[in-house]
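What follows is a short report on a single structure.
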Amino acid sequence: MIAANTKRIKKSAADVREGRRSMLLLFPYAILFSLFILVPVVIAIALGFTYFDVINKPSFTGLMNYIYLFTQDTVFMKKVLPNTFLYALIVGPGGYAISFLLAWMLAQIQSIPRTIISLAIYTPSMVGQVFIGVVWKTIFSGDQRGIINNILLELNLIDTPIQFLLTKDYFMQIMIIISLWSAMGIGFLAMISGILNINEELYEAAYVDGMRNRFQEIIYITIPSMKPQMLFGAVMAIVNAFNMGWIGVTLSGANPTPEYAGQLITNHIDDYGFIRYEMGYAAAISLMLLIVVYLFNKVAHKFFGSKDE
Amino acid sequence: MKKRHKKSKYMGAKINPKYFSASQIKFYLILIPLAVFMIIPVIYVINQAFKPLGELFAFPPTIFVKSPTLKNFKDLFELSGTTGIPMSRYLLNSVLVTLITIVLNLFITVLAAYVFSKKKFRSKKVLFEINQLALMFVPTAVAVPRYLVIVKAGLLDTWWAHVLPLAAMPVGLFLVKQFTDQIPDALIEAAVIDGANDITVIRKVIVPLTKPALATSIVLTFQQVWGAVEASNNFITDDSMRTLAFYLSSLSTNNTVAAAGLQAAAGVILFVPNLIIFIVMQSQVMNTMSHSGIK
C-alpha cells in the first residue's frame, strides 16, 4: 500500500517535471502566438466598446460603435457588407470548388504534365501583392495601352477606352477575377495530394458494387476519402478570400475605392483605423470581420469535419 | 450477363495514371488553356521587365519582348527615391529580416510541433485546437491592436517589429505537427533509452524525419515575410529600416507609364525568389500536403 503510494507520487513528480519540460519547449511559440495573434484579437474585442483616437486614452462607450455601425454607417450597411458577402462567397466557396475540380482533373493525368500544369496554376498565388498590382493594373489600364482595352478597341466593340479601375461599373468583377486567379494556393496543393493518396482499391470496390459514373464516384468515394484535406482546403480558401481585401485599394490606388464599388470590410477597417484614426470604431468593425470569418469556417467544419474528434 | 456488361462500361477513375490514354484528352483540353490563362499575366510582366522604353510605349502592346534589356533593373537600382536610400539597402534589409524570421520560425515550430505530437499534458488538446482556430486568422483584421502591442512591447522602430509578428505561423505548426505524428513513438523511446534528452531527440530524430514539412514551413514563411509590408507600413518610421517589398510597393503607387518598366522589374525581383524556392522544394511541399488534413 505504502509502496504503491510512493510509486504514484514518484510517477506524478516525474510527470510534473515532464510537463514543465514540455511547457518550456512550447514557450517560444506560445509567447509569440499570444502576443501577435491572441492578444490582438482580445484587444480588438475590448477596443470595440470604446472611443479611441490613438492620442488620448480609450474611453468606454458601451455598444455605441456597434449601434452606429448598424444604424448610421450607411456605407457599411449599403456597400461594404453586401460587397464583402458577394466577394467572399464567390472567391471563398467558388474558388474552393474550382480548386477541387482542378485537383480532381489533375490527379487523372500523368505525373510530369501534372507537375507542370499545377505549377502554372499555383504560381499566381505566390507572386505577391506588388506583382499582382503591376500585372492587373497594366492589363486593365484605362488607356488604349491597357491589354483589355486594346483588344476591345481592335475588335471595334468600344470607341473609347473603358476606365476599368477608376469607375464602379466593372470594379467588383475585376476584383473577383483577380482573387480567383490567385486563389489556387496551398489548399489547392493539399487537395491534389489528398486525391492522389486515396486508396485505389476503394474505387475498384465501388465499381464492383455498381458505381455508375464519375459524379457518383466524386460524391461517394473521392470527397469522403479526403475529408481532412477538403477541410484544410476550405479553411485556406476562406482565409485567402478575406486576406485579399487589399486588392481593391491596390487596383484603384485609393481608399475608398471608386464609389465604394470594391470596398470590403478590411478596407473599411483601414479607412477608419489608419486614415481617420478612429481606432475604437475600427476595432468594432474588425470584430465583425472575425465573426464573419468564423461563421464561414463553421460551415466548412459542418461539411467536412469528422465527428469523432 | 447484361448486368456484367453494364458494369464494365465504367471502369472507375484512373488516379495517377502511368500511361497516356484517350480518356485523358478531355482533361488536357480544360487544363492546358486554363494553365495558360493563369500563367500568361506572369509571363507578360516578366517580359515587360526586360522591355526597352520603345517597346513599353509600343502600340499595340505586345506580350513578348523583342530586344530584351536590363535597363529597367539598372534604373531601379540607381533610383534612390526621395528618401535618398539606395535600393540595395532595402534589399539587404529584406534578406536579413527574411533569414532571421525563417530561422526563428523553424526553431519555435519544431519545438512546439514535437510537444504537440509526442508529449502528453493536460491542456494539449485545447491548445492545439486554438492553434487550429488560428489557421483562419486574418492579420488585417487586427492591424490596429497589433500596432498597439508593438508600441507597448517597445518594438516600434526596431528590427524585431519585422520578425516577431510573423515568426509564429499557425499553418506551419499545423503542418509540421501533422507530419511529426507519422514518426513512430518507438523510435523516440529507443532514443530516450539510449540516454537522449528532448533536445537530442529533436535534433537527431524529429528534424531529420520531418524535413519535407520543415521545407514547406520555410516556403510558406518565405512567401509571407519576403512580400510583407505591414511592419514597414505601420511599425517602422525610419526609412533605412524598411524592406524591399515596402519600397517597391510604394513605387507602384505612382502610376505613370514611364514607370511601367520599373514596376515590372520590381515585381520580378519580388517574385523570382519565391518561384525558385518553391520549385526547389516542390516535392517536399507535396509530400507534406498529403498529411495536411484537418480531422
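Read-outs throughout are calculated quantities, based only on the coordinates presented, and are distinct from any laboratory measurement. All values reported here derive from a predicted model rather than from experimental measurement. Counting neighbours? That spans all protein chains shown, and the Cβs are built from the backbone with ideal geometry, glycine included.
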message: Would the protein assembly as shown count as rounded, prolate or oblate if I go by the C-alpha gyration tensor, calling it rounded below 1.5 in a/c and otherwise prolate when a/b exceeds b/c, oblate otherwise?
response: oblate
message: Could you list A:Phe60, A:Phe171, A:Phe296 so that the one with the fewest beta carbons within 10 Å of its beta carbon is first and the one with the most is last?
response: A:Phe60, A:Phe296, A:Phe171
task: Pick out the long, greasy-scoring helices in chain B: whole DSSP H runs spanning 27 Å or more along their own axis by Cα, mean Kyte-Doolittle at least 0.5.
output: B:25-49, B:87-118, B:260-289
query: If you plug each phi of the range A:240-255 into the Karplus form 6.51 cos²θ - 1.76 cosθ + 1.60 with θ = phi - 60°, what whole-Hz ³J(HN,Hα) values come out, in order, with x for Gly and Pro?
result: 4, 4, 7, 6, 7, x, 6, 4, x, 5, 4, 5, 8, x, 8, 10
- prompt: Normalised by the number of residues in the range B:85-289, what is the relative contact order in percent for Cα pairs under 8 Å and 6+ residues apart?
  reply: 33
statement: Dividing the helical contributions, -39500 (n - 2.57) per DSSP H run of n ≥ 4, by the residues of chain A yields a 222 nm value, nearest 500 deg cm²/dmol, of -19500 deg cm²/dmol
Label-reachable residues, the range B:12-53, where backbone N falls under 14 Å from a point 7 Å from A:Ile112's Cα toward its Cβ: B:18-20
- prompt: Rounded, prolate or oblate: which one fits chain A, using the alpha carbon gyration tensor with axes a ≥ b ≥ c (rounded when a/c is under 1.5, else prolate when a/b beats b/c, else oblate)?
  reply: oblate
- prompt: Which residues' amide hydrogens lie under 5 Å from the amide hydrogen of A:Thr50, considering only partners 5 or more residues apart or on another chain, with H built in the peptide plane?
  reply: A:Thr61
- prompt: Once Rh for the range B:85-289 is found with the Kirkwood sum over Cα pairs, what is the Stokes-Einstein diffusion coefficient at 10 °C and 1.306 mPa s, in µm²/s?
  reply: 85
message: Calculate the FRET efficiency for A:Asn213 and A:Tyr170 from the Cβ-Cβ distance with a Förster distance of 51 Å, rounded to the nearest 0.05.
response: 0.85
query: Each label point is 7 Å from the Cα along the Cα-to-Cβ direction; what then is the distance between the points at B:Val207 and B:Leu133, in nm?
result: 3.3
Over 32 Å (Cα to Cα) - which of A:Lys78/A:Lys298; A:Lys78/A:Lys137; A:Lys78/A:Lys302; B:Lys14/B:Lys211; A:Lys78/B:Lys125; A:Lys137/B:Lys26 fall in this group: A:Lys78/B:Lys125; A:Lys137/B:Lys26
statement: For the range B:24-69, shape from the Cα gyration tensor axes a ≥ b ≥ c, cut at a/c of 1.5 then a/b versus b/c, turns out prolate
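For A:Ser111, A:Ser99, what's the fewest-to-most ordering of other Cβ within 10 Å of each Cβ?
Lowest to highest Cβ neighbour count: A:Ser111, A:Ser99.
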- prompt: Among B:Pro86, B:Pro68, B:Pro145, which one moves the most in a GNM of chain B with springs linking Cα atoms closer than 10 Å?
  reply: B:Pro145
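Can you sort B:Phe137, B:Phe77 so the residue with the fewest Cβ neighbours within 10 Å comes first?
With the fewest neighbours first, B:Phe137, B:Phe77 line up as B:Phe77, B:Phe137.
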